[in-house]
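Working notes, structure below.
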Amino acid sequence: MPHNEDALFKALMDTAVDGIVVIDTGGIVQICSDACEGLFGYRRDEIVGRNVKMLMPEPHRGEHDGYISSYLKTGEKRIGGCELAGRRKDGSTFPMHLSVGKSEVGGERIFVGVIRDLAPLKAEVARHVDVDSLMAQIVQSSEDAILSKTLSGIITSWNASAERIFGYTADEALGANISMLIPPDRMAEEGSIIGQICAGRDVEHFETVRRHKNGNDIHVSITISPLRDGAGDIVGASKIVRDVSERKRSELRMQALQSEFAHINRLSSMGQMSTAIAHELNQPLTAIANYVKAARRILERVEPANMERARNAMDKAAAQVLRAGAIIRNLRDFVEKRKSNRAPENLNMVVEEAIALGLVGTAHQGVRVCLRLELKLPSVLIDKVQIQQVLINLIRNGLEAMQAVDMRELIIETAIDNKDFARVTVHDSGPGLSEAVSKRLFQPFVTTKEKGMGIGLTICQSILEAHGGNIVALPDHRPGAAFRFCVPFVGQREAA
């Protein structure tokens, strides 16, 4: 006896574990199963007759009508057999798997959606995740050395990065004492660390030195935390060790460069000062010598017996005046004729290094440094230290000029000036240069600073002229001040 199809369909809708929703081409729900009430929290009569997108959170809610429209035009499914979110009556969401099929009833096209709640499955998967295994994977893949030890110093765990940083394999390290990593002069640190750990305190970012298997010292940053047993008692410590050797080497290189630049600056300042002093004193010294010689000639016309002593004194005075002038000239020549080590250099790298040096030790905050570097710039023939001295002088002048302004921007640009020269422009957003200062900018002892000596730009000018280049202040450059200098490319005639 054939079964009644309506009765079978009703039994299916009433007993199906998964939610079943039938909609028309307008998205209106025609039928839904009892399981939908459990899934979405609505009664069946609250769903039937309404648009199915009420069961969807954004962005699916806003996109649903477009899915249907696109399918009716192209036959392309946009959803079906996929995981997405469902929206309950209370506004909460849950993960679900949706399968969509199509059919026709009485000539009308319908869509049938089968919905399965994935939340229980995901919860079950989460319960079976091996947390210990997951943590072990994280520890082993860390770029930092991660190890643990007992309070007596016995190493109990050792990851791959610990092997890379210290050179000991896990077999060599496990069971050994942590003291094998500590230089003799650092042993006292371990006692202090254990004291803090036993007190339940963490030790964060402690920078020190540890020893590699090959005997070399390694600069490291260590974070140490207490390890507790099930009863909460402290039984050991875990350590995260980061190798900071390269950073330390960079800091030492920077300090050496700063020291070298400071020395070169002092020599250059001495040279410019001696030049200026020699120039300023040359005329009065010459005049004094002339006056002494004239006085001697006058005394020669007088013949008293004691005049001989006066002539001798005049001769000695004249000799000392000439000696003073010679001392100043010799000092100038000694400093100005220092050796210049010119070699092919990448000007962009010279500029970047000078910026790093120029900003070290300054208290100028909120300054935006903008680099505009010509990447196709050929090599230049320069004394790297001297040209960086020029750049640092211009950078620090710009930083000081911007102290009193709100917008602080330092723009440094490299470019090809012509076939023979590269140019560098340093532009600050400070108050700029007055007309009076601009006219005398490269003269010695001209400065806008309260404590400035006024010889920095004169030194820059002499360095660049010795390279066969030049330096100028760009006129009418607003806001701020801009300086531009040129240095020769490799292959151009080096200035004598």
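The values are calculated or read from the model by the stated rules, or taken from the named source; none is laboratory data. Model, not experiment: these values are computed from the prediction. Note: ideal-geometry Cβ built from the backbone for every residue, glycine included; neighbour counts use all protein chains shown. When the accessible area is computed, the model is the full protein with side chains, heavy atoms only, and any ligands, DNA or RNA have been set aside. Shrake-Rupley method; radii C 1.70, N 1.55, O 1.52, S 1.80 Å.
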> Among Lys53/Lys89; Lys384/Lys419; Lys376/Lys419; Lys248/Lys376; Lys10/Lys102, which pairs are too far apart, with a Cα-Cα distance over 24 Å?
Replying inline: Lys248/Lys376
> Could you give the nm distance between label points at Ala466 and Ile234, where each point is 7 Å from its Cα heading toward the beta carbon?
Replying inline: 6.0
> What nm distance separates the two modelled labels at Gln196 and Asp171, each placed 7 Å from Cα along Cα→Cβ?
Replying inline: 3.6
>> Through the Karplus equation 6.51 cos²θ - 1.76 cosθ + 1.60, θ set to phi - 60°, convert the phi angles of segment 31-39 into ³J(HN,Hα) values in whole Hz; use x for Gly and Pro.
In response: 8, 9, 7, 4, 4, 5, 5, x, 6
> FRET efficiency for Val405 and Asn346, Cβ-Cβ distance as r, R0 = 41 Å, nearest 0.05?
Replying inline: 0.80
> Gly86's amide H: which non-local residues (gap 5+, or another chain) put their own amide H closer than 5 Å, with H modeled 1.01 Å from N in plane and none for Pro or chain starts?
Replying inline: Phe94, Met96
> Got a sec to turn the phi values of segment 208-218 into Karplus ³J(HN,Hα) couplings, 6.51 cos²θ - 1.76 cosθ + 1.60 with θ = phi - 60°, whole Hz, x for Gly and Pro?
Replying inline: 7, 10, 10, 10, 6, 4, 7, x, 6, 7, 10
> How much length, in nm to one decimal, is gained on full extension between Val112 and Lys89, taken as 0.36 nm per residue of separation minus their Cα-Cα distance?
Replying inline: 6.2 nm
> What are the residues whose amide H is under 5 Å from the amide H of Asn159, where those residues sit 5 or more places off or on another chain and H is modelled from the backbone?
Replying inline: Ile146
>> I want to check the label-to-label distance for Ala188 and Glu246. Put each point 7 Å from Cα in the C-beta direction and report it in nm to one decimal.
In response: 3.3
>> Give me the net charge for the shell around Gly38: Cβ to Cβ below 14 angstrom, other residues only, Lys and Arg +1, Asp and Glu -1.
In response: -2
>> Starting from 0.36 nm per residue, how many nanometres of slack lie between Asp18 and Ala160 once their C-alpha separation is accounted for?
In response: 46.3 nm
> From the phi of every residue in segment 147-156, what ³J(HN,Hα) in whole Hz does the Karplus formula 6.51 cos²θ - 1.76 cosθ + 1.60 yield, where θ is phi - 60° and glycine or proline is x?
Replying inline: 9, 9, 8, 7, 5, 8, x, 7, 6, 10
>> For a quick check: with amide H placed at 1.01 Å from N, whose amide H comes under 5 Å from Leu410's, ignoring anything fewer than 5 positions away on the same chain?
In response: Arg368, Val369, Cys370
>> Using only the alpha-carbon atoms, what does segment 5-53 span along each of its principal axes? Please give whole angstrom values in decreasing order.
In response: 26, 24, 16
> Does segment 138-225 come out rounded, prolate or oblate by the C-alpha gyration tensor, with a ≥ b ≥ c the root eigenvalues, rounded set by a/c under 1.5 and, if not, prolate when a/b is larger than b/c and oblate if not?
Replying inline: rounded
>> Sorting check: for 417-423, 237-243, which peptide has the highest mean count of neighbouring beta carbons within 10 Å, and how do the rest follow?
In response: 237-243, 417-423
> Stretched out fully, how many nm does the piece from Lys102 to Gln30 gain, at 0.36 nm a residue minus the Cα gap?
Replying inline: 24.5 nm
> To the nearest 0.05, what FRET efficiency results for Ser69 and Val48 with a Förster distance of 25 Å applied to their C-beta separation?
Replying inline: 0.65
> In a shell of Cβ-Cβ distance under 13 Å around Gly366, excluding Gly366 itself, what net charge do Lys and Arg (+1) and Asp and Glu (-1) give?
Replying inline: 0
> For His64, His212, what's the largest-to-smallest order of accessible area, 1.4 Å probe?
Replying inline: His212, His64
